[in-house]
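**Q** For reference, the structure I am asking about is given below.
The values are calculated or read from the model by the stated rules, or taken from the named source; none is laboratory data. The shown structure was predicted, so the numbers you read here are calculated from the model rather than taken from an experiment. In this analysis, Cβ positions are derived from the backbone assuming ideal geometry, glycine residues included, and neighbour counts consider all displayed protein chains.
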């Protein structure tokens with residue numbers, strides 16, 4: 001019966017500190033996804049005001065995603081080294097300042113810079129919020145907390161275009177950024193008053209700035225290679241790939257020899273952590289690419305209107321948000337592996353359902369597949385995330401959360417690159433054959449997520465329960 005109880009019941013019976021941590025994490029986690037999707041409805045107005053082309057305005061979205069992926073290990077490492085609450089407060093303040101400056105942007109270049117600062121602020125808040133949840137909640141309730149955090153993130157992403165559209169309709173695109181003010185105003189005093197025991201890492205060496213630079217080079221040139229591999233010069237794609245590979249080799253050498261590495265090599269040597277990162281990378285690649293490809297198919301190939309397309313896409317995002325708490329409760333009661341595998345199976349089934357895609361595919365068929373994607377993501381996310389952050393020592397939880405989040409965003413970035421490389425833009429929409437090629441690639445990705453999920457067993461849960469008393473805040477080393 002325990003798995004059927006409402007997710008909040010367990011928290012209302014818990015410690016006051018744990019409840020404050022949960023509320024803080026839920027509020028702080030709204031910022032990054034809300035601003036990731038909210039900007040979409042403002043792009044036409046921004047393009048018109050600053051008179052820039054589509055290729056430039058796309059950087060408002062692309063640069064945000066890239067920096068969110070790049071900066072999260074940095075934000076997590078800072079939290080483990082200097083204190084998670086302190087770094088979380090700094091991230092919230094940076095996000096607030098960046099939002100206010102974005103609302104006052106005097107040029108397109110300035111707006112891009114302020115969006116990048118927003119991404120850095122968001123990248124600081126996410127890993128430290130996750131690490132605080134890991135620290136505050138005992139093992140048997142931890143996944144439920146992450147399930148609620150996942151629901152908060154999914155809802156914010158789903159509601160972003162609606163909120164942004166309402167703000168723009170009431171004023172203009174600049175007003176959209178002011179929605180962040182009350183969110184930060186609520187999260188800041190909560191973060192300041194948490195009062196959790198300090199689990200500061202005793203750093204044997206200074207912060208890994210060289211590792212940070214090398215990680216940035218890997219991301220920049222890898223993303224460049226992905227985006228020019230089809231439409232850009234072949235030489236540029238080859239050189240970018242070579243530079244990304246060389247930077248990756250140097251990064252791996254640095255991280256294995258430096259005393260205080262940005263990305264601890266022991267993380268990826270842990271079977272559970274490596275499996276969780278693989279599962280989220282491939283599942284997010286699948287979900288994000290489907291989310292981007294289906295509007296193109298529904299509007300440009302089938303000729304459906306924007307309202308119908310939006311409603312069908314909401315079957316994915318809203319279902320993912322509402323199922324996430326249930327996924328967390330299942331992970332607490334049945335172990336991390338079962339909901340992770342069930343969610344991955346849902347993704348495989350969804351892509352398989354879309355494989356016979358055609359111009360005449362029924363709306364119910366597409367909506368069912370999208371619902372299965374949402375169900376799979378909702379069931380698996382909390383289990384996979386919890387398995388990742390509890391598979392490392394508690395003092396390194398923010399760093400681990402940062403690496404895990406980078407894997408998640410990497411999936412989105414690679415998915416967007418694959419979409420651009422496969423779908424050809426032609427009058428009347430891309431050919432159906434291109435969609436079929438894309439779906440075969442996504443079936444491989446979903447299967448890879450399933451394979452990784454199968455490696456997330458009950459081992460981490462049993463190890464954590466043996467090491468940590470169920471009634472105390474997690475203070476493990």
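**Q** Could you please find all residues in region 246-267 being in contact (Cβ under 8 Å) with a residue 40 or more places away in the chain and in contact with a helix residue (DSSP H, G or I) (Cβ under 7 Å, 6 or more places away or on another chain)?
**A** Within region 246-267, 251, 254, 255, 258, 261, 262, 263, 264, 267 meet the criteria.
**Q** Could you please let me know if residue 389 is surrounded by 23 or more Cβ atoms within 10 Å (Cβ to Cβ), within 24 Å of the chain's Cα centre (by Cα) and within 24 Å of residue 303 (Cβ to Cβ)? Break it down stepwise before answering.
**A** Details: surrounded by 23 or more Cβ atoms within 10 Å (Cβ to Cβ): yes; within 24 Å of the chain's Cα centre (by Cα): yes; within 24 Å of residue 303 (Cβ to Cβ): no.
When the stated conditions are applied, residue 389 does not pass them.
**Q** Can I ask one more? Filtering region 68-93 down to residues that are under 14 Å from the mean Cα position of the chain (by Cα) and at pLDDT below 85, which residue is farthest from residue 29 (Cα to Cα)?
**A** Only one residue tops the list, namely 70.
**Q** How many of the residues in region 23-63 are within 30 Å of residue 134 (Cα to Cα) and buried (at least 23 other Cβ atoms within 10 Å of the Cβ)?
**A** Number of matching residues: 10.
**Q** So is residue 323 buried (at least 24 other Cβ atoms within 10 Å of the Cβ), over 18 Å from residue 138 (Cβ atoms) and in contact with a helix residue (DSSP H, G or I) (Cβ under 6 Å, 6 or more places away or on another chain) or not? Walk me through it before giving the result.
**A** Details: buried (at least 24 other Cβ atoms within 10 Å of the Cβ): yes; over 18 Å from residue 138 (Cβ atoms): yes; in contact with a helix residue (DSSP H, G or I) (Cβ under 6 Å, 6 or more places away or on another chain): yes.
Taking the combined requirement at face value, the residue satisfies it.
**Q** In region 270-283, is there at least one residue being surrounded by fewer than 16 Cβ atoms within 10 Å (Cβ to Cβ) and either more than 21 Å from residue 432 (Cα to Cα) or out of contact with any strand residue (DSSP E or B) (no Cβ under 8 Å at 6 or more places or on another chain) (or both)? Walk me through how you get there before you give the answer.
**A** Step one: list which residues in region 270-283 are surrounded by fewer than 16 Cβ atoms within 10 Å (Cβ to Cβ), which gives 271.
Narrowing the set further to residues that are either more than 21 Å from residue 432 (Cα to Cα) or out of contact with any strand residue (DSSP E or B) (no Cβ under 8 Å at 6 or more places or on another chain) (or both) leaves 271.
Yes, the conditions are met somewhere in region 270-283.
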